[in-house]
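Values in this text are rule-based calculations from the coordinates and carry no lab data. A quick note: this is a predicted structure, and the numbers were derived from the prediction, not measured. Note that we place each Cβ from the backbone using ideal geometry, even for glycine, and neighbour counts take in every protein chain shown.
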Amino acid sequence: MKEKQGRVVGVNGNMVTVDVDGDVFMNEVGYVATGDQRLKAEVIRIRGHRAELQVFEVTRGIGIGDPVDFSGELLSVQLGPGLLGQIFDGLQNPLPLIAAQHGFFLPRGVYLTALPGDRQWEFTPLAKVGARVSRGMSLGTVPEGIFQHRIMVPFDLYDNYTVKSIAPAGKYTLDSRIAELTDPKGNAVSVTMVFNWPVKRPINAYAERLKPTEPLITKVRIIDSFFPVARGGTYCIPGPFGSGKTVLQQVTSRHAEVDVVVIAACGERAGEVVETLREFPELIDPRTGRALMERTVIICNTSSMPVAAREASVYTAVTIAEYYRQMGLNVLLLADSTSRWAQAMREMSGRLEEIPGEEAFPAYLESVIASFYERAGVVRLKDGGTGSVTIGGTVSPAGGNFEEPVTQATLKVVGAFHGLSRERAESRKYPAIHPLESWSKYPAAVDETMTEFARGLLFRGNEVSQMMKVVGEEGTSLEDFILYLKAEFIDAVFLQQNSFDPVDAAVNTERQRYAFALLTQIIKAQLELADKAAARSFFYQLRQRFLDWNGAAWGSDSFKSIEQDIRSSLGERQAHA
Amino acid sequence: MRKIYSRIDAIAGNVITVTAEGVRYGELAVVSSSHGDSLAEVIRLFENKVSLQVYAGSRGVSTGDEVRFLGHPMQVSFSDDLLGRIFNGSGVPRDKGPALTESLIEIGGPAVNPAKRIIPRNMIRTGIPMIDLFNTLVESQKLPIFSVSGEPYNPLLARIAMQAEVDIIILGGCGLKYDDYLFFRDALEEGGALSRTIFFVHTAADPIVESLLVPDISLAVAERFALRGKRVLVLLTDMTNFADAMREIAITMEQVPSNRGYPGDLYSQLAARYEKAVDFEGAGSITILAVTTMPGDDVTHPVPDNTGYITEGQFYLRNGRIEPFGSLSRLKQLVNKDTREDHRALMDGMIKLYAAYLESLEKKAMGFRMSDWDQKLLKYGVSFEREMMDLSVNIPLEKALDAGWRILSDCFLPEEAGLRTELIKKFWPKG
């Protein structure tokens, strides 16, 4: 392609205006040459011969007249074996490698290849010579961590092909030719283990999309039992600051029952990413016996890194998630926080002097958020297998008010809503998911008629507690008071969960069902309690035992003895009809 | 040879526009007017029009004044000579000492590679139970003190500065009242901490734009010391003034405001500063404590709101006490597992009970009869406020934990405290 050039005529924050000779296209990548640095940028508006580009770096030092080279390509990521366990920035630069070469800071204008080119992969061919293949179909596999990484027909080859030759089993580097295909016109196309894909285009090299039905177990009780998430579904966690969004995401990234976790740390604190990237290599995934890091990809564009790359980071993350879905894996994408991404859009929109929508967010905010979440889903692959991408995004609403544009736009498109409440967080009730306001459209792990009963009780308990504020405890009947205590009890022993306790942090489905059955027995019981003081003391003692029970290892001796204890003290008070 | 321009095309607010060639974004210039020289920074380029924000303000600047471009962005001198010195927001001495011009460093440098950070692991002891016990301060943490005007936030900052075990203290004052500036200087001098302190002080009397430089200059210096292995504590007061200065410039530049007139990039701008807090792998650390006054005591105001999302927790200072609700140190879990086994449980348990106390107090105020349980809570709440929340209490963490158990056993039966049985067996005071 002919080299296109331009010259900078304006700089405003991280946006540059460029005079171009020749054609440019929307979202084309260009490089601004400043001094001896080449700064990556993306076209975001074209007016006549002038293009406006958002620069993925600090723009300090750019001057009028600096040359700009256009690449003729959209912003893309490299897809191939070796992504798992990596830590990338929003543009897929491997951060540990940058650290090794450049030390403590992130230098400007340094772009490294995402996947190591010198690494040898043990390739096993699957496709036979003469076989008919199309995009997304497997040609062979290489082992990557615990998975067989499928080497597929690149997704940008849209024809039907015949396999002309395929490499024999053996060790290959990423860019060695592993197959040669023939297109219908007889042209030969060679295929390596790696290819590029533009991040803003969803990967659709599958047979069809299916409806999400299987629950995705997060091992957080209030989610799995009350507000479940489905594999291939979407959910959002809005919450004011300090309400535990990030802790909830971290816990989920550790314990969720999925094959691959992609973490997009988008515009949030670096410290939180550090916790993940320092701890994951040490933590063992109980399901596989290997380090958690081996199933994790971290895309990290923290708040002090350039804003434009923040916008790219969520797309980079979702593209990698979709890539692994094509291998028949269940992938969970955790985006923290989508509000920062929306703010990045707002910043650019402001610089472009677009007419602002609500709270100065651009008018296209809703459609952009919707199309992002729509990239989740369960799909049937061309070989009949299935894979899924589940997206969980946190939202950081300004002032903790859910009536703001980002939360509202997100709620329209997700399947589950885990609303965090400042009130609950402040009284240390974690996870601070509000049991009365949250909802989910997906099927739960425990019997739904039972959770409905428990939720009903929570509602009524809340009413009683509101009423008690007006009429006082003495104005409340004993019956209502017991109802209130039961609601408090459900909250304390089941909805709340201690993420820092080794046992309580992750509760499997079996235990959740078991504990919930006992809980149900308690809240359904007719109790003989003489007065309010007796009722309070009974429930407080029971709560104490139940909390001890939550901390006892599943099936252990102390687990059994505490359970016995709970059952007998319940039996003593149970009314016999 | 840099060119000198002697024609200013436009002056609006504190922003001037000149027609110039070969200027680079972020470059510094000197504007010489009849009132003296001022630094100015390029904040927009379009064709040959260059907009600059003038740090000393544009008052008295004439269209015929001289603008001389320096060819480099804002710099500050860095050496051990900075210790014990007092400068203004542009790095010019405020004390009687000599100006420093050696070994200049750029301010507002690049972000730290997350791969070179390490998980914070050291507690910073302050002797204040509401911090040490309930919201432990951790080395490399960034934490704002949310407050309203009139609260003793500056004395609190000064006290933490003197008691905290760090190597270097950098105080960045944005719009600091002159009295408060003198207070800090005297307090640190009396505490014997002046020789390890550097001041970058912008007072309320100085042009507001100059306060924009204070956080960057303080943090650039802090970063250099941290790279040399020092543990640095940066105190910033008051970041709301900094945000207001940004708003002023944004509005002058006719940017589309997002919320209450603040620019859309308020979050990113604040984050770029707070994220300088770091624990370097194999070097020192930066811890940031920043006062953010909440206009109208409203935490949903854009400045505290955005700050809260950036920082790792927050302290609310209200009625002269650190509020137990809302105050949070997000990093406390990293250190309080290694202090004493009862630390976490006691911390959560006591707060839950204090919340219950407030409910009982409310009921009492409405004239309801107090049950036995309410009576116990009322007794507890009073002890808690006196022995834990009062800012004058100055005891080490271990003493504070013991005091916590004593308060609980004075007021409740063991099973009423909501704590695990094994802890109660071990720590509940006997007899």
Worksheet, complete the sentence: Once amide hydrogens are built 1.01 Å from N within the peptide plane, the residues lying 5 or more places from residue B:66 or on another chain with amide H under 5 Å from its amide H are B:32
Worksheet item: Is there a simple number for the mean count of other chain Cβ atoms within 10 Å of the Cβ of residues in A:284-297, and what is it?
Response: 0
Worksheet entry | Label zone at residue B:21 (point 7 Å along Cα-to-Cβ), backbone N below 19 Å, the range B:31-68 | B:45-51, B:67-68
Response to the item:
Karplus ³J(HN,Hα) for the range A:261-266 (6.51 cos²θ - 1.76 cosθ + 1.60, θ = phi - 60°; Hz, whole; x = Gly/Pro) runs 10, 10, 9, 9, 8, 10
Fill in: Between the range A:280-352 and the range A:493-540, the Cα center-to-center distance that results, in Å
36 Å
Practice prompt. Compute the distribution of all C-alpha to C-alpha distances in the protein assembly as shown, in bins of 20 Å from 0, and list the percent of pairs in each, rounded to whole numbers.
Written response: 12, 41, 34, 12, 1, 0
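What is the average number of partner chain Cβ atoms found within 10 Å of a Cβ in B:301-314?
4
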Worksheet entry | the protein assembly as shown - charge dipole about Cα centre, Lys and Arg +1 at Cβ, Asp and Glu -1, debye rounded to 20 | 1720 debye
Worksheet item: Full extension from residue A:371 to residue A:187: what is 0.36 nm times the residue separation minus their Cα-Cα distance, to one decimal in nm?
Response: 62.7 nm
Item to complete: Pick out, from B:140, A:555, A:494, the residue whose Cα sits farthest towards the positive end of the charge dipole of the protein assembly as shown, with +1 on the Cβ of Lys and Arg and -1 on the Cβ of Asp and Glu.
Response: A:555
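For a quick check: sort A:260, A:368 by the number of other beta carbons within 10 angstrom, fewest at the front.
Listed from fewest to most nearby Cβ atoms, that is A:368, A:260.
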Worksheet item: So what's Rg/Rh here for the range B:343-427, counting alpha carbon atoms and using the Kirkwood radius for Rh?
Response: 0.98
Worksheet item: Between residue A:36 and residue B:48, what is the spin-label point distance in nm, taking each point 7 Å from the Cα along the Cα→C-beta axis?
Response: 3.2 nm
Discussion item. I'd like the Karplus ³J(HN,Hα) series for the range A:150-159: coefficients 6.51, -1.76, 1.60, θ = phi - 60°, whole numbers in Hz, and an x wherever there's a Gly or Pro.
Written reply: 7, 8, 10, 5, x, 6, 9, 9, 8, 8
Fill in: Relative contact order [Cα under 8 Å, 6+ residues apart], the range B:343-427, whole percent
38 percent
Worksheet entry | Other-chain or far-sequence residues with amide H under 5 Å of residue A:28's (modelled H) | A:43
Worksheet entry | Sequence-distant residues sharing a close amide H with residue A:139 (under 5 Å, placed H) | A:151, A:152, A:153
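How big, in percent, is the set of alpha carbon pairs in chain B lying more than 40 Å apart?
In whole percent, the long-distance tail amounts to 26.
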Discussion item. How much of the DSSP bridge set in the protein assembly as shown is antiparallel, in percent, rounded to the nearest 5?
Written reply: 70 percent
Item to complete: Please give the peptides B:157-169, B:368-380, A:310-322 ranked by average Cβ packing (other Cβ atoms within 10 Å per residue), highest first, as a rough proxy for protection.
Response: A:310-322, B:157-169, B:368-380
Fill in: Estimated inter-spin distance, residue A:45 and residue B:72, nm [label 7 Å along Cα→Cβ]
3.6 nm
Practice prompt. Starting from 0 in steps of 5 Å, tell me what percent of the Cα-Cα pairs of the range B:1-114 lands in each bin.
Written response: 2, 11, 20, 20, 17, 14, 9, 5, 1, 0
Worksheet item: Can you pick out the pairs among A:211/A:441; A:164/A:185; B:399/B:430; A:469/A:532; A:469/B:376; A:382/A:412 whose Cα atoms lie more than 21 Å from each other?
Response: A:382/A:412
Discussion item. Place a point 7 Å from Cα of residue A:567 in the direction of its Cβ. Which residues in the range A:514-532 have their backbone N less than 15 Å from it?
Written reply: A:514-522
Fill in: Rounded tilt (10° steps) of A:557-573 against the dominant C-alpha axis of chain A
40 degrees
Worksheet item: Using the Cα atoms as the points, what is the convex hull volume per residue of the range A:448-573 in Å³?
Response: 102 Å³
Fill in: With Cα atoms, 0 to 90° folded angle of helix A:307-325 axis to chain A main axis
80 degrees
Item to complete: Restricting to chain B, compute how many DSSP beta bridges are antiparallel as a %, nearest 5.
Response: 60 percent
Worksheet entry | Approximate spin-label separation residue A:284-residue A:211, in nm, with each point projected 7 Å along Cα-to-Cβ | 4.2 nm
Worksheet item: the range B:109-196: percent of C-alpha pairs farther apart than 15 Å?
Response: 67 percent
Discussion item. Can you tell me, using C-alpha contacts under 8 Å and at least 6 residues apart, the relative contact order of chain B as a whole percent?
Written reply: 17 percent
Worksheet, complete the sentence: With +1 at each Lys and Arg Cβ and -1 at each Asp and Glu Cβ, the charge dipole magnitude of chain A around its Cα centre, to the nearest 20 debye, comes out at 1020 debye
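Inside 10 Å of the C-beta atoms of A:262-274, what's the mean count of C-beta atoms belonging to other chains?
Mean shielding count: 5.
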Discussion item. Given the C-alpha atoms of the range A:121-193, compute the convex hull and give its volume per residue in Å³.
Written reply: 75 Å³
Discussion item. At 25 °C and a viscosity of 0.890 mPa s, what translational diffusion coefficient does Stokes-Einstein give for the range A:32-105, taking Rh as the Kirkwood radius over Cα pairs? Give it in µm²/s as a whole number.
Written reply: 166 µm²/s
Fill in: Global form of the range A:344-430, assessed from the alpha-carbon gyration tensor, a/c cut-off 1.5
oblate
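Taking R0 as 35 Å, what FRET efficiency do you get between residue B:298 and residue A:411 from their Cβ-Cβ distance, rounded to the nearest 0.05?
For R0 = 35 Å, the calculated efficiency reads 0.90.
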Worksheet item: Which net charge results when you count Lys and Arg as +1 and Asp and Glu as -1 among the other residues whose beta-carbon is under 13 Å from that of residue A:433?
Response: +2
Practice prompt. Could you state the angle between the C-alpha long axis of helix A:509-524 and the longest principal axis of the C-alpha atoms of chain A, as a value from 0 to 90 degrees rounded to the nearest 10?
Written response: 30 degrees
Worksheet item: In whole Å, what three semi-axes, largest first, describe the equivalent ellipsoid of chain A built from its Cα gyration tensor (square root of 5 times each eigenvalue)?
Response: 50, 29, 20
Discussion item. Among B:314, B:255, B:53, which one shows the highest mean-square fluctuation when chain B is modelled as a Gaussian network with alpha-carbon springs under 10 Å?
Written reply: B:255
Worksheet entry | the range A:143-177 versus the range B:101-147: alpha-carbon centroid distance in Å | 48 Å
Response to the item:
With the 8 Å Cα cutoff and a minimum separation of six or more residues, chain A has a relative contact order in percent of 13 percent
Item to complete: Can you grab the distance from the C-alpha centre of the range B:229-265 to the C-alpha centre of the range A:112-133, Å, no decimals?
Response: 51 Å
